[in-house]
Amino acid sequence: MPKSIHSTQPPLKFIPQRFNPLILHIFRWLLPIVLRFRTRPWLPAGIVQVEAQNVEILAKLYQQFQSGNIRFLIAFRHPEVEDPLCMLYLLSHILPKVARQHKIKLQQPLHSYFLYDRGMTVWAGDWLGWLFSRVGGVPIRRGRRLDRQAIQRARELFSNGEMPIAVAPEGGNNGHSEIVSPLEPGVAQLGFWCVEDLQKAHRSEAVVIVPVGIQYSYIEQPWSKLNWLLTKLEADSGLEPVDQSGSNKQRDLYYQRICRLAEHFMTEMEEFYRRFYHQDIPKTISIHASARPNEILIARLHRLMDKALHVAEQYFAVQAQGNFIDRCRRLEEAGWNYIYRDDITNINTLSPFNRGLADWVASEADLNMQHMRLVESFVAVTANYIQEKPTAERFAETTLLMFDMLSRIQESTLPGRPRLGLRKAMITIGEPISVTERWKQSQGDRSATRQAMSQLTKDTYTALQSMIDNN
């Protein structure tokens, strides 16, 4: 978990991309170890298998790219923090092997540029920005309406870079392998810009977007560790232990325990916002009479999320516009503007009085951003996610999100999210989506162009969701 901020910070400057093949080679060599252990060397419970489907599609695309026939963008799903590592494993280990099997000649490095959230360096440290810049990363401020440096650099790399570019169109991870969050419009916009740039340069390459799905599963079903985690959450939240004797239906019992925890958290948080933030949260909720208990819980959750965001929006004087994800992005940017001060040339030259005021503002901004962070963890939660498919993976995802919430409230920094078992990642390469054809069909009409970009975003979403449905 990120540590609390109690003092004003220098501006979050753009980190230039400085691709270094040697650094990439070293990172690739270490990748299997990093995937398995990541930042917790004492806890061997990471990803031990990465498999992929339809990789021949990607191999042929790289061949066409290296021949100067196409430009393409990889639009990959982003359910977990480990997704970029799995994508790197795909390109550095699986893709070369498949290309050799199909006698597809490719040149090294088989890699891609990629966009990453500038905020990652805030909680992970400056070393991450240094590493990402050397392996092809371009930082972007998610909440900014227009991060000009990042967008311009991404546009330039898409059109002229020596490698393709990869982007997570969901914008952030949602903790759900089997739910695709609403896509941001940036991927479609980058695609149309690339076609325009090629047309202006009188170049004939076609432009395509390649949807890539990522799903995770446990090598062995982690029911015993899930029981341990639920027991820990029950104890940390002040609930009495559940009597499990005589229960033959393990999944039903776990579902009841998750609902019990959710009900408890909801009641406590509603009273918290009602009493200390003066939010109008009625004891009952208006919903159709036939609603099931889990649907009522979700309705209460959405109401609570709205109130939590409203508290932060009031503090930062930010308008409540769009869905929960949109609102979170704007609040994040507003908070960063209070903490990472672009308007202060040199923090060290401030008088003690002004430095104290700046630190006060930064500390309060960080505290008020926690309302948004709580909401951010639950943007993809639905009423029937577990009931539709009561797998260990879905139980684990939901329970871990509750763990995240409790950790944020406790302001924990260690040991971090527990690992419930060794996991496997399955990556699926989708059929390329032509951007060039859509661009040609929409020329001469701004409304048609906007509609074509919107449809491209919808089609990318459909392709990502279909990969989940078909697995």
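Summary table below
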quantity: Mean-position separation - Cα centroids, segment 16-37 and segment 246-311, in angstrom; calculated: 43
quantity: Bins of 20 Å from zero: percent of alpha-carbon pairs in the chain; calculated: 21, 55, 23, 1
quantity: By average C-beta atoms within 10 angstrom, highest first, the peptides 439-452, 263-276, 74-87; calculated: 74-87, 263-276, 439-452
quantity: Nearest-ten-degree value, helix 293-316 long axis tilted from longest Cα axis of the chain; calculated: 80
quantity: Relative contact order (%) - criterion: Cα under 8 Å, at least six apart; region: the chain; calculated: 29
quantity: Hits among lysines - C-alpha to C-alpha of LYS200 under 21 Å, sequence gap 8 or more where chains match; calculated: LYS440
quantity: Straight-distance crosslink candidates among lysines, where the alpha carbon sits under 28 Å from LYS105 and sequence neighbours closer than 8 are dropped; calculated: LYS60, LYS97
quantity: Cα gyration tensor of segment 62-170 - equivalent ellipsoid semi-axes, whole Å, descending; calculated: 26, 17, 12
quantity: Set of segment 120-140 residues, backbone N closer than 14 Å to the point 7 Å along the Cα-Cβ line of ILE26; calculated: 127-128, 130-135
quantity: Taking the C-alpha atoms of segment 1-137, convex hull volume expressed per residue in Å³; calculated: 136
quantity: With Cα atoms, 0 to 90° folded angle of helix 392-410 axis to the chain main axis; calculated: 70
quantity: Stokes-Einstein diffusion coefficient of segment 236-277, Kirkwood radius over Cα pairs, 20 °C, 1.002 mPa s, in µm²/s; calculated: 181
quantity: Fraction of accessible area attributable to carbon and sulfur, segment 272-322 (%, probe 1.4 Å); calculated: 53
quantity: Theoretical gain in end-to-end length, HIS6 to LYS424 [0.36 nm per residue, Cα-Cα removed]; calculated: 146.6 nm
quantity: Of all DSSP beta bridges in the chain, antiparallel share, percent nearest 5; calculated: 30
quantity: Using a Förster distance of 35 Å, the FRET efficiency for LYS105-THR449 (Cβ separation, nearest 0.05); calculated: 0.40
quantity: Convex hull volume per residue for segment 136-227, taking Cα atoms only, in Å³; calculated: 147
quantity: Spatially proximal lysines relative to LYS389 (Cα-Cα < 23 Å; intrachain offsets below 8 disregarded); calculated: LYS225, LYS249, LYS424
quantity: Distance from segment 346-390 to segment 109-126 (C-alpha centre basis), Å; calculated: 20
quantity: Helix axis angle, 446-470 relative to the chain longest principal axis, alpha carbon, degrees; calculated: 70
quantity: For segment 319-374, convex hull of alpha carbons as volume per residue, Å³; calculated: 76
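The values are calculated or read from the model by the stated rules, or taken from the named source; none is laboratory data. Owing to the predicted nature of the structure, the values given are computational and were not obtained by experimental measurement. Note: ideal-geometry Cβ built from the backbone for every residue, glycine included; neighbour counts use all protein chains shown. Protein only, heavy atoms only, side chains kept; ligands, DNA and RNA dropped before computing areas. Shrake-Rupley method; radii C 1.70, N 1.55, O 1.52, S 1.80 Å.
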